[in-house]
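The values are calculated or read from the model by the stated rules, or taken from the named source; none is laboratory data. Predicted, not measured: the structure shown is a model, and the values here were computed from it. So basically every Cβ, Gly included, is an ideal-geometry build from the backbone, and we count neighbours across all protein chains shown.
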Amino acid sequence: MRGSKILITGPTGQVATPVAEALAAENEVWGIARFTNPAVRESLENAGVRCQAVNLSAGDFTGLPDDFDYVINLAVAKSGSWDKDLGANAESVGLLMAHCRKAKAFLHCSSGAVYDPPGDEPRTEDAALGDNHKPMFPTYSISKIAGEVVARTMSRVLGLPTIIARLNVPYGDNGGWPFYHMEMMLGGIPIPVPAGGAARYNPIHEDDIIATIPKLLEAASVPATTINWCGEQTVSLQEWCGYLGSLVGKEPVFEESALALRGNPTDPARMHDLIGTTTVDWRDGFRRMAATFHPELVSV
């Protein structure tokens, strides 16, 4: 993507920060968030991102242009408050789409957390939805499902080409869930796992997230298209913890817990058809992540 005017929500987050910085190299990128940390805002601005403080839930876009070519909605809320999280993860989607109705395409980042938890088979986009993350984040799955419905509705109402991308486990040099597992091992903290064997996922590296965004925007449509956004390889939490442990010299200790999330593998077939494949091998990506945060322990 070059020479486009792009709006990114949630640019202070783990996923959105590297996306915003990468796209700002050759595009006019605006980032909206509350920007409660001045240092984070300064870092983004130094990378060329135009930052504007906006409370998405309030839907007040005063001073924000409405002539963006593309909108990438990566903002997310996990406060545990139903009112706040429905506002941030669902209502704000419709308000933002209404403000940016002239865009060529709208990318709404959803989550694999929308799938119904029973069973360990890879979920296709037509699989049953449910309260997947209730044990850990009681409002998250439901509010993300609600956000998808809002995006689908507004796409039809506004005629705005939209793609809903259900992100699996994102990670990279900016962190992610596996990073916290690595820190838990280094801190001697047991890692909670569900009963019943390996908890499998399809982790996706930030390089692949960045690389697939232009293709996702090209695949946007009316009615909205829904797609799994995931890595090619299925790997269990237990396996990646074992690998990370071997890199940092710590043996993972697992502890079965009723509050641990079930595995959530997703089927990449539709992704293959629409945007192609991802390229970063999970071991290479995990090694890079470990080396970024602990160069004293790991070399790339």
So which pairs qualify, if the first residue must be in the stretch 209-230 and part of a helix (DSSP H, G or I), the second must be among the charged types (D, E, K, R), the Cβ gap must be under 8 Å, and the two must be at least 6 apart or on different chains?
L217/K104
Please find, among G188, G175, G242, the residue that is surrounded by fewer than 23 Cβ atoms within 10 Å (Cβ to Cβ) and farther than 19 Å from D281 by Cα.
G188
Collect the residues in the stretch 122-133 that are closer than 20 Å to A88 by Cβ and either of a type in the set (A, V, I, L, M, F, W, C) or part of a helix (DSSP H, G or I) (or both), keeping them in residue-number order.
L129
Hits in the stretch 24-42 (condition: touching a Ser or Thr at 6+ places or on another chain (Cβ under 8 Å) and surrounded by 15 or more Cβ atoms within 10 Å (Cβ to Cβ))
N27, E28, G31, I32, A33, F35, V40, R41
Going through the stretch 134-154 in order, the residues found to be charged (D, E, K, R) and part of a helix (DSSP H, G or I) are K144, E148, R152
Looking only at the stretch 271-300, which residues are among the small types (G, A, S), surrounded by fewer than 18 Cβ atoms within 10 Å (Cβ to Cβ) and assigned to a helix (DSSP H, G or I)?
A291
Kindly list, by first and then second residue, each pair from a residue in the stretch 121-133 that is within 16 Å of A165 (Cβ to Cβ) to a residue that is crowded, with 16+ Cβ neighbours inside 10 Å and small (G, A, S), limited to pairs with Cβ atoms under 9 Å and residues at least 6 apart or on different chains.
R123/G112; L129/S141
Name the pairs whose Cβ atoms lie under 9 Å apart, with the first residue in the stretch 247-270 and part of a loop (DSSP other than H, G, I, E, B) and exposed (fewer than 15 other Cβ atoms within 10 Å of the Cβ), the second among the polar types (S, T, N, Q) and modelled with pLDDT under 95, and 6 or more positions between them or separate chains?
none
